[in-house]
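Below is one structure; the comments refer to it alone.
The values are calculated or read from the model by the stated rules, or taken from the named source; none is laboratory data. Bear in mind that the values here come from a model prediction, so they are computed numbers and not experimental data. Virtual Cβ from ideal backbone geometry, glycine too; neighbours counted across all protein chains shown.
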Amino acid sequence: MATNVTTTVYRNFINGEWQESESAEQITVINPADTSLPVGQIQSSTTADLEAAVEAADAARKEWRSLSGAARGEFLYRAAAVMEERTEEIAATATKEMGKTLPEARGETQRGIAILKYYAAEGMRKTGDVIPSTDPGAFMYTSRVPLGVVGVIAPWNFPVAIPIWKIAPALVYGNTIVCKPASETAITAIKIIECFEAAGFPKGVINLVTGAGSVIGKGLAEHPKVNGITFTGSNNVGKGIGLAALERGAKYQLEMGGKNPVIIAADADIEQAVDATISGAFRSTGQKCTATSRVIVEAPIYDAFRDRLIEKTKEITIGNSLEKDVWLGPIASKAQLENCLHYIQKGMEEGAKLILGGEQLTDGDYAKGFYVQPTIFEDVTNDMVIAQEEIFGPVIALIKVDSEEQAIDVANDVKFGLSASIFTKNIGRFLQFVEDMEAGLVRVNAESAGVELQAPFGGMKQSSSHSREQGEAAKEFFTSIKTVFVKG
Ligand SMILES: NC(=O)c1ccc[n+]([C@@H]2O[C@H](COP(=O)([O-])OP(=O)(O)OC[C@H]3O[C@@H](n4cnc5c(N)ncnc54)[C@H](O)[C@@H]3O)[C@@H](O)[C@H]2O)c1
Ligand SMILES: O=CCCC(=O)C(=O)O
């Protein structure tokens, strides 16, 4: 670990003020590209800090919900304007904290700004319908009301887009929030909250508390004054949050893991399919929930596709994500690196054939961080662990199939259902794929990753608690519908 390196100490944001934890303890946020250069220190908060944040959010509820949606939206427009001025700083912070390349981080920051503007405009949309009563003397309509205090628990892999795609709709629909970011990317979250602070949100409407998920995240899930929990992260953690919320009748939203397939049909455009597979599997070092991890290839095209995939994967440049020509950055943490290496070892043990990569990089500057080669296995059967479990790293499992029917059966034969794609020129084939594929996001002649902010996003099966985020769909989680009947 670094010694004699002075780093900034960042604080919690509670009731409109930046505050140190009552624990007086901090967590060091490391840079996975170079662990000798820590990014900063964040608060190792306690349940007392969380209690103060929830009380502040609860106290701010009445005033915030009394504003019109349009008025609340104006605060989001102002936050977007501040974020625009700080794009480069926020993007560089995200890259330093979790290792995605600077262009990816910049694009994600711009996406976060666009999400803020989208939900600012949502404040002007209708919030109900007039429904004719069977009683001619009565007036019946629906209205939407905020949940109250919403707990936001976010992962580290999209440190800008995911917190914002939760916080923005929560706020515009009239909720107050307590955000618990992943510790790995908490400084990026803090800089985003600074933009909200600069926008002039009333004190208590937005609160941020950093610290251990098992303390702060768990505390949010269990807190009696937290009316809704929106969580994105792993299945193991998500299930615990869902059970805790269910136990006390709180509303919860869980978006979790994936094991996303791409089907390469015999008539696919090989160059297009190879480029999209590399992007879908290895961009962000394979750390997207929508990342491609299973590549299901029909026999007639298999050898040509595999050989081209290997050839183009070898061209990938690996290094420090802040450097201009780097395509693949480090894995986000030591734990994630060890997890990835474990699955590579498992793949070899269970009989898959390693045809590219598979090694941690430790020479020269690589020794300063958590670097692994992009890795490709073939001779994978779908019952193997590397075909069933989420690895969340740059690892592809190639699966050869003999028919269209076998391809979709293999694609669906996992507990997850987040995203999936197919490469074919046959209209009937892709329409059948869209119909049969058990995934919340299905894409044709495009990589499995690629979420657009204006469309609903979420998983099927064990990838989700089956609500949807983003677009107009977010309204369903962050509000409750009231049906109103009025008699003269
Ligand atoms: N479906 C999606 O939209 C989506 C998007 C991004 C990431 N993910 C998934 O997230 C995972 C990677 O993210 P991660 O490593 O941050 O996940 P994680 O589950 O380890 O952590 C997610 C968040 O939960 C907190 N947490 C940890 N333990 C907790 C507990 N006991 N109670 C409450 N909160 C707790 C963490 O501090 C973090 O803020 C992958 O499985 C990925 O597929 C899913
Ligand atoms: O990590 C999950 C989010 C995926 C995403 O935003 C994308 O694929 O663009």
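What about Ser45, is it buried (at least 23 other Cβ atoms within 10 Å of the Cβ) and either of a type in the set (Ser, Thr, Tyr) or under 21 Å from the mean Cα position of the chain (by Cα) (or both)? The answer is yes for Ser45. Whether a residue is among the hydrophobic types (A, V, I, L, M, F, W, C), farther than 24 Å from Ala91 by Cβ, under 19 Å from the mean Cα position of the chain (by Cα) and away from ligand 2 (no atom under 16 Å from the Cβ) was assessed, and Ile193 does not pass this test. Within segment 275-282, can one find any residue that is more than 14 Å from ligand 1 (Cβ to nearest atom) and aromatic (Phe, Trp, Tyr)? For segment 275-282, residues more than 14 Å from ligand 1 (Cβ to nearest atom) and aromatic (Phe, Trp, Tyr): present. Of Lys425, Lys487, all but one fail to be of a type in the set (D, E, K, R), surrounded by fewer than 16 Cβ atoms within 10 Å (Cβ to Cβ) and under 26 Å from Ile310 (Cα atoms); the exception is Lys425.
Scanning segment 269-321 for residues that are closer than 26 Å to Glu338 by Cβ, within 16 Å of ligand 2 (Cβ to nearest atom) and assigned to a helix (DSSP H, G or I) turns up Thr277, Ile278, Ser279, Gly280, Ala281, Phe282, Arg283, Ser284, Thr285, Gly286.
Among the conditions (1) closer than 16 Å to Asn445 by Cβ; (2) buried (at least 17 other Cβ atoms within 10 Å of the Cβ); (3) not polar (S, T, N, Q), the only one that Leu309 does not satisfy is (1). Which one is nearest to ligand 2 (Cβ to nearest atom) among residues in segment 408-430 that are in contact (Cβ under 8 Å) with a residue 40 or more places away in the chain and in a loop (DSSP other than H, G, I, E, B)? Checking each candidate, the answer is Leu418.
For segment 64-87, the condition holds for at least one residue, the condition being that it is farther than 21 Å from Ser214 by Cα, within 27 Å of the chain's Cα centre (by Cα) and not in a helix (DSSP H, G or I). A search for C-beta distances below 8 Å between a residue of segment 218-233 that is hydroxyl-bearing (Ser, Thr, Tyr) and any residue that is more than 16 Å from ligand 2 (Cβ to nearest atom), counting only pairs 6+ apart in sequence or on different chains, returns Thr230/Val150; Thr230/Gly151; Thr230/Ala170; Thr230/Tyr252; Thr230/Phe477; Thr230/Phe478. Would you check which residues across segment 223-236 are in a loop (DSSP other than H, G, I, E, B) and surrounded by fewer than 22 Cβ atoms within 10 Å (Cβ to Cβ) and list them? Residues satisfying the conditions are Pro224, Lys225, Ser234. When residues in segment 364-407 are screened for being in a helix (DSSP H, G or I) and within 24 Å of the chain's Cα centre (by Cα), 4 of them pass. Among the residues of segment 180-218, just one is in contact with a Ser or Thr (Cβ under 8 Å, 6 or more places away or on another chain) and of a type in the set (Asp, Glu), namely Glu184.
Does segment 152-162 contain at least one residue that is within 16 Å of ligand 1 (Cβ to nearest atom), small (Gly, Ala, Ser) and touching an Asp or Glu at 6+ places or on another chain (Cβ under 7 Å)? Yes: one or more hits.
Out of Glu88, Glu84, Glu74, Glu97, one residue alone is of a type in the set (Asp, Glu), within 16 Å of ligand 2 (Cβ to nearest atom) and either modelled with pLDDT of 95 or more or buried (at least 16 other Cβ atoms within 10 Å of the Cβ) (or both). It is Glu97.
Restricting attention to segment 251-268, and to residues there that are within 26 Å of Gly107 (Cβ to Cβ) and assigned to a strand (DSSP E or B), which single residue is farthest from ligand 1 (Cβ to nearest atom)? If we take residues in segment 251-268 being within 26 Å of Gly107 (Cβ to Cβ) and assigned to a strand (DSSP E or B), then Val262 is farthest from ligand 1 (Cβ to nearest atom). Can you find a residue that is without any contact (Cβ under 8 Å) to a residue 40 or more places away in the chain, touching a Ser or Thr at 6+ places or on another chain (Cβ under 6 Å), at negative phi and among the charged types (D, E, K, R) anywhere in segment 128-148? Yes, segment 128-148 contains a residue that is without any contact (Cβ under 8 Å) to a residue 40 or more places away in the chain, touching a Ser or Thr at 6+ places or on another chain (Cβ under 6 Å), at negative phi and among the charged types (D, E, K, R). Just one of the listed residues (Ala170, Ala154, Ala161, Ala138) is modelled with pLDDT of 95 or more, out of contact with any helix residue (DSSP H, G or I) (no Cβ under 8 Å at 6 or more places or on another chain) and hydrophobic (A, V, I, L, M, F, W, C), namely Ala138. Checked against the criterion of being under 30 Å from Lys487 (Cβ atoms) and assigned to a loop (DSSP other than H, G, I, E, B), segment 140-162 has at least one qualifying residue.
I'd like to check something: does segment 170-183 contain any residue that is surrounded by fewer than 23 Cβ atoms within 10 Å (Cβ to Cβ) and more than 16 Å from ligand 1 (Cβ to nearest atom)? No; the residues of segment 170-183 include none that is surrounded by fewer than 23 Cβ atoms within 10 Å (Cβ to Cβ) and more than 16 Å from ligand 1 (Cβ to nearest atom).
For (1) in a helix (DSSP H, G or I); (2) within 28 Å of Tyr77 (Cα to Cα), each residue gets a yes or a no:
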residue: Val178; (1), (2): no, yes
residue: Ile187; (1), (2): yes, yes
residue: Ala221; (1), (2): yes, no
residue: Ile241; (1), (2): yes, no
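Just so you know, in segment 431-488 the residues that are basic (Lys, Arg) and not in a loop (DSSP other than H, G, I, E, B) include one that is nearest to ligand 1 (Cβ to nearest atom), and it is Lys461.
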